[in-house]
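Written out below as structure tokens is the structure these notes cover.
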């Protein structure tokens, strides 16, 4: 089995819309995510998953220049990630297809994690 990271990309307007939802609607959205994540966990394939705040800092170059980021000029942000195991990238892609982010036209980036043995 290989490890894969699923990065959940969404548009900034969609993330802003989420923040403005009623508590009941937010809870319903969280339940969709919990059901999808729970299905992957029930298969014994999930290693970790976390949501990310929409803002942070970026550290760049040998001078370690710190700037605000991600930049609001960008059209998308990473809202979270999952680390899972799968036999192939095709299986990881199939597992990603249940992700609720697709309901708001978001995208999932699927990347194999490189093992350094």
Residue count for the stretch 45-91, restricted to those that are in contact (Cβ under 8 Å) with a residue 40 or more places away in the chain, over 17 Å from residue 9 (Cα atoms) and surrounded by fewer than 16 Cβ atoms within 10 Å (Cβ to Cβ): 4
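If I filter the stretch 95-117 down to residues being free of Cβ contacts under 8 Å to residues at least 12 places away in the same chain and either over 17 Å from the mean Cα position of the chain (by Cα) or surrounded by 12 or more Cβ atoms within 10 Å (Cβ to Cβ) (or both), which single residue comes out as farthest from residue 32 (Cα to Cα)?
Filtering the stretch 95-117 down to residues free of Cβ contacts under 8 Å to residues at least 12 places away in the same chain leaves 97, 102, 114, 116-117.
Still in the list and also either over 17 Å from the mean Cα position of the chain (by Cα) or surrounded by 12 or more Cβ atoms within 10 Å (Cβ to Cβ) (or both): 102, 114, 116-117.
On the way: 102: 12, 114: 30, 116: 35, 117: 37 Å.
My answer is 117.
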Limited to the stretch 26-57, what total is found for residues that are closer than 29 Å to residue 69 by Cβ and outside any helix (DSSP H, G or I)? 12
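Rule-based calculations on the coordinates, nothing more; no lab input. It should be emphasised that the depicted structure is a prediction, and the values quoted were computed from it without experimental measurement. All Cβ positions, even for glycine, are placed from backbone atoms using ideal geometry, and neighbour counts span all protein chains on display.
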